[in-house]
Structures are given as C-alpha cells and as structure tokens.
Amino acid sequence: MKVLVATDGSESSMKAVKRALELAEKEGADITLMSVAYYSKDDFDDMPPGIQDKLEDQAADALKKAKALFDKKGVKVETVLEAGVVPANNIINRAKEGKIDRIIMGSTGMTGLKRALMGSTAAKVVAYAPCSVTIMR
C-alpha cells in the first residue's frame, strides 16, 4: 500500500504522521511525507523580503519533525516539499502521479492567515482525491 501523508506540523497533522508510521510498521506500507509551502514564487514576488523563505522553511520544518518519528523507529520514508497557492491541489496531484492508495492528513492545519489563504485543505482533498482519504482529528 502506498500512503501519502500531508503535514504542516500542526497537532492533527502529526496524528496523521503517527498513524502512517503505524501502517508502515504493521502492514509494510510505503510512506511519503509531504509538506506544501502555500505560495507560488511567480505569483507573490511582491511580498515582503524573506516571507517566501520563511514559508518554505516552515514547510521544511514540518517535514523534518515528521521524518524524525520515522528515523527514530528506523522506518524508511520519502519526503516531498512543494510550493503552491492551493496546497490541496499539490496533494491531489501528487496522489495521482504517485498512484497513491491512501492519503492521511489532519482535519485542521495552521490557523490565522494560513487558513484564510488555504481554505479548507482537508475538505478539498476529500472531495477530489483519486483514492481513499483518512482524516485525523
């Protein structure tokens, strides 16, 4: 089974990471951890200096935090860092391209400006994913 785990470092997304780790340990699932920096360099060139780097660093930190759980258990995992205005689109496209069997993600991610920019990522993924989606609360 091929599993894609979308993580932004939030509490619910880390529950998704832990669930994926269980699947890898118990069922031998192939896990890909994915984080999306929610911007597009082409679209947001006018943003304040450093903001793009900060957003990408946050996504990279979320991946690092998630991967550390797999490393601690000695479980192989792939990581993917992407950028996009609508993270749900990145997640859905990755699932299609990778022939993913299941997506696991948190019910709610970061709040504030991030939520305003993203809308409900989980709802979009559930609606348009090419595979089963497990939402962790």
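The values are calculated or read from the model by the stated rules, or taken from the named source; none is laboratory data. Note that the coordinates shown come from a computational prediction; the quantities given were computed from them, not determined experimentally. Counting neighbours? That spans all protein chains shown, and the Cβs are built from the backbone with ideal geometry, glycine included.
Summary of computed values
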| item | result |
| --- | --- |
| Condition broken by Ile100, with the remaining ones in (1) at pLDDT 95 or above; (2) surrounded by 13 or more Cβ atoms within 10 Å (Cβ to Cβ); (3) over 21 Å from Lys15 (Cβ atoms) satisfied | (3) |
| Residue list for region 8-35, restricted to those being at pLDDT below 95 and within 10 Å of the chain's Cα centre (by Cα) | Asp8, Gly9, Ser13 |
| Qualifying residues in region 68-88 (those that are acidic (Asp, Glu) and outside any helix (DSSP H, G or I)) - the one nearest to Arg19 (Cα to Cα) | Glu78 |
| Ser40 vs. criteria surrounded by fewer than 23 Cβ atoms within 10 Å (Cβ to Cβ), at pLDDT below 95 and within 12 Å of the chain's Cα centre (by Cα) | no |
| Conditions (1) buried (at least 16 other Cβ atoms within 10 Å of the Cβ); (2) part of a helix (DSSP H, G or I); (3) at pLDDT below 90; number of the one not met by Val125 | (3) |
| Residue check for Lys65: farther than 20 Å from Val133 by Cβ and either part of a strand (DSSP E or B) or modelled with pLDDT of 95 or more (or both) | yes |
